[in-house]
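Worksheet for the structure shown next.
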Amino acid sequence: MFEVYIHVPFCLRRCGYCDFNTYTATDLGAGASRGNYANMVIREMKLTKQWQLDHGIAEPPVSTVFFGGGTPTILAACDLVAMLDAIRKIWGIAPDAEITTEANPDTVNEYYINELAAGGFTRVSFGMQSAVPHVLKTLDRTHTPANVAAGVNAANKASLRSSVDLIYGAPGESLDDWRTSVTTAIDLGVNHISAYALTVEPTTKMGRQIAAGTLPKPNDDDEAAKYEIADDLFAAAGLEWYEVSNWARPGYESQHNLGYWRNVDWAGLGPGAHSHYNAVTEADHPQSASLTAPAGGGCPADAGLGVVSVSHGLRSWDIAHPRLWGTAINENRVPWADSETITPEENLEELIMLGLRLHEGLDLDRINRAINDAGMSSTPQTLRTVSVDQLAPMISEGLITVSDNHRVVPTRRGRLLNDSVIEQFFDFVGV
């Protein structure tokens, strides 16, 4: 599978809890402006495609596209459609592809949604966060619950799938407030809901308010109680958890996010976006052999292929500031800030961390193959494995279950203590 993520770094205003790579200015220089953004991303697509060709990467047609931010819907709908059309021309798009954009309920209306549907989008993820006005105010959100309902109704009329995102644990949010938000989201009739615990970063406005004592610090026990409330209410409404923070009716899971958790290939486009490739062939060309961006960011778009010497995984990330990102594109360079090789041991760690977040579970047989791919056998003649018997303490603690086909699945207690589950599994594996 191959996915494409497009980061749109523009917002009308920065929310107090947000530490994403977003900006409120309309023009950030070097062509990175709201009005020209689609053109710049399309240029990056072409540079990225050339880089893939130069490094022996032949991807299948794109299976999912996701526009995130920031606020993608701050751009004109025709700009989002133009970027999608470019993906179709450059890589091709699978017939049943999932095409999603995040949307701020303040920035879309029925006309906008209809234009997305006509342009090939299949799904809209609305940033609802809460249905309680005082919680929305604490989060610095400007939309109203009515705007969310209007957006979902417009998407339904246009035959687009809808999802809503919720945040729990905001300062001053009571358990009843959270129940109101969850039930309101369910009553919208959407088939997918994400619910994330509030993470407070010290550099944000909210982080400074908490440090100064003007807002209370989020409480772990409160967040755990809210997670259980959400899980119970979603389940009663027919929404099943398929990832620690995501619930959906069967068949309505976010295929794009599942791709991340299953560790597929994806190209990230836009300032600060990350890319991931499971197998990259190095070339003997002096500028591209290391597969690491030269100083100042970017890889030459015309790097020679040379003789293939080795294959490995690769992770890269774009330059974060839009002006410097745009400068690299204007110089015909893939606008990477840097990249790194994914070692077999790092790949093993990622398989564990991602697999233990999913309802489909962690494939123990796959993990055992990865252990030995990482060269972690106790002797060259002995294959090291993790057995079901070794996992018995975690099973008895009610953290995981193990299916007959050797899938390790976190229980609800295991989801609440996910970091601990992952650490214990690392100990078994020896990473």
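Side notes on the structure shown:
- Just one of (1) open to solvent by 40 Å² or more (accessible area, probe 1.4 Å); (2) closer than 18 Å to F67 by Cβ fails for T214. It is (2).
- In region 250-294, the residues that are over 20 Å from the mean Cα position of the chain (by Cα) and at pLDDT 95 or above: P250
- Scanning region 389-417 for residues that are under 22 Å from R262 (Cβ atoms) and over 29 Å from the mean Cα position of the chain (by Cα), we see that the one that is most open to solvent (accessible area, probe 1.4 Å) is D404.
- Of A370, A301, all but one fail to be in contact with a helix residue (DSSP H, G or I) (Cβ under 8 Å, 6 or more places away or on another chain), crowded, with 20+ Cβ neighbours inside 10 Å, on the phi < 0 side of the Ramachandran plot and modelled with pLDDT under 85; the exception is A370.
- Hits in region 250-259 - residues which are touching a Phe, Trp or Tyr at 6+ places or on another chain (Cβ under 7 Å) and within 16 Å of G361 (Cα to Cα): E253, G259
- Whichever residue in region 315-354 is under 22 Å from I57 (Cβ atoms) and assigned to a loop (DSSP other than H, G, I, E, B) and, among such residues, is nearest to the chain's Cα centre (by Cα): I319
The values are calculated or read from the model by the stated rules, or taken from the named source; none is laboratory data. Source: prediction; values computed, not measured. Cβ: placed from backbone, ideal geometry, glycine included. Neighbour counts: every protein chain shown. Accessible surface areas use protein heavy atoms only, side chains included; no ligands, DNA or RNA. Shrake-Rupley method; radii C 1.70, N 1.55, O 1.52, S 1.80 Å.
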